[in-house]
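Okay, structure first, notes after.
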Amino acid sequence: MTAKTIGIIGGGQLGRMLAMAAARLNFRTVILEPQADCPAAQVANRQIVGAYDDPAALAELGRSADIVTYEFENVPVLAAERLAEDVPVFPPPKALAMAQDRLTEKRFINGCGIPTARFHAVGSQADLEAALADFSGKGVLKTRRLGYDGKGQRVYRSSADSPAGGYAALGGVPLILESFVAFEREISVIAARGADGAVACYDPAENVHRDGILHTSTVPATISDATAAAARDAAAKILAALDYVGVIGIEFFVLADGGLIANEMAPRVHNSGHWTEAACVVSQFEQHIRAVAGLALGNAARHSDCVMQNLIGDDILSVPDWLKRDGVLVHLYGKTEARPGRKMGHVTELKSRH
Ligand code: AMP
């Protein structure tokens, strides 16, 4: 039997971990990424060095792969749609379209019957002032597109925070003002949907951010069974509405009464799901490969409690110490330069076993 080839758009750590999971199931992988010797290409069969929207590079990917997936949500939708004419692309390109623009995303999530923060589209300083007035001077202003790790955001904590210059400060691009959510904690759910419509959902993780970047994901999250069930239910609704195939990550705020407010969704494997490689038999990476390849989904049950911690920048220097500890899975991304804020690897420490 000839091995099938999975094309992965994007060559970062998520692509790397997808390629490793793919290899274990006898798939070959080809990575499309402009940066040579990227983290994913180091463990893949082949790299096409090219931009994500380069027609020639995409055509080459389409010719080389039996299935194409992606590791980040900013793949140009048109490029994904064009590629999907030649080769199956999962998750479906419409999931990219929904996740790339925070306004479209919130409308879509609300349309699934799932609450989000209230929001206004902001296209000018006057829009910003009107929107802030509607939210009593408080809110979180975000770029509609291309924000990540808290970049492209400005928080208005009270009516004492002047809105002056706020629109221009975020670059004069289309923005969204969200009402300020007084949440008690943040959780995320990693869920998968197979080509046959089967859904598998991992237990929600409780996430702590530092400087806008995920620091730890702890499982189980400190939430009631009802809140966990509501998070799973929301994930199932989103997956069905998108006729989705693959893994998705959905972030929520948890209110004091246990209510959930959806924040955002990522149509890909997610940093807050890295713990699954240590605490579940089938990780989010293998689950995604199974889904996009049309194989049966694995059981998403967790055999251990655990804490995943990102190694950011100089945290990489702590690896020798982590390696001396029992029950810790260390995973490094092959990045040579440890710049501040750069994700270099992660560790997952298993706590009690079930
Ligand atoms: P995001 O880029 O949307 O994930 O936002 C980054 C972080 O900012 C979130 O993880 C929250 O901690 C905080 N945040 C974002 N939106 C809101 C909001 N509407 N209300 C309160 N905090 C928020």
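The values are calculated or read from the model by the stated rules, or taken from the named source; none is laboratory data. Keep in mind that this is a model prediction, so the values were computed, not measured. Glycine also receives a Cβ, built like all others from the backbone with ideal geometry; neighbour counts cover every protein chain displayed. Protein only, heavy atoms only, side chains kept; ligands, DNA and RNA dropped before computing areas. Shrake-Rupley method; radii C 1.70, N 1.55, O 1.52, S 1.80 Å.
Do you know which residues across segment 37-58 are open to solvent by 40 Å² or more (accessible area, probe 1.4 Å) and either over 23 Å from the mean Cα position of the chain (by Cα) or among the acidic types (Asp, Glu) (or both)? Once the filter is applied, which keeps residues that are open to solvent by 40 Å² or more (accessible area, probe 1.4 Å) and either over 23 Å from the mean Cα position of the chain (by Cα) or among the acidic types (Asp, Glu) (or both), segment 37-58 yields ASP37, ASN45, ARG46, VAL49, ASP53, ASP54, PRO55, ALA56. Among the residues of segment 120-140, just one is within 15 Å of VAL173 (Cβ to Cβ) and either in contact with an Asp or Glu (Cβ under 8 Å, 6 or more places away or on another chain) or modelled with pLDDT under 90 (or both), namely ALA121.
Each row is one residue, and each column tells you yes or no for (1) more than 25 Å from GLY197 (Cα to Cα); (2) within 16 Å of the ligand (Cβ to nearest atom); (3) in contact with a helix residue (DSSP H, G or I) (Cβ under 7 Å, 6 or more places away or on another chain); (4) of a type in the set (Phe, Trp, Tyr).
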{"site": "VAL281", "(1), (2), (3), (4)": "no, no, no, no"}
{"site": "GLN284", "(1), (2), (3), (4)": "no, no, yes, no"}
{"site": "HIS288", "(1), (2), (3), (4)": "no, no, yes, no"}
{"site": "ASP305", "(1), (2), (3), (4)": "yes, no, no, no"}
{"site": "LYS324", "(1), (2), (3), (4)": "yes, no, no, no"}
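Within segment 203-252, the set of residues being open to solvent by 20 Å² or more (accessible area, probe 1.4 Å), in a loop (DSSP other than H, G, I, E, B) and either among the small types (Gly, Ala, Ser) or within 15 Å of the ligand (Cβ to nearest atom) (or both) comprises ASP211, GLY212, SER224. Among the residues of segment 179-202, those that are within 16 Å of the ligand (Cβ to nearest atom) and surrounded by fewer than 23 Cβ atoms within 10 Å (Cβ to Cβ) comprise SER179, PHE180, VAL181, ALA182, PHE183, GLU184, ARG185, GLU186.
Within this structure, ILE289 fails the test of being of a type in the set (A, V, I, L, M), surrounded by fewer than 20 Cβ atoms within 10 Å (Cβ to Cβ) and not in a loop (DSSP other than H, G, I, E, B).
Looking across LEU61, LEU32, one residue alone is more than 30 Å from VAL330 (Cα to Cα) and either touching a residue at least 40 places away in the same chain (Cβ under 8 Å) or crowded, with 16+ Cβ neighbours inside 10 Å (or both). It is LEU61.
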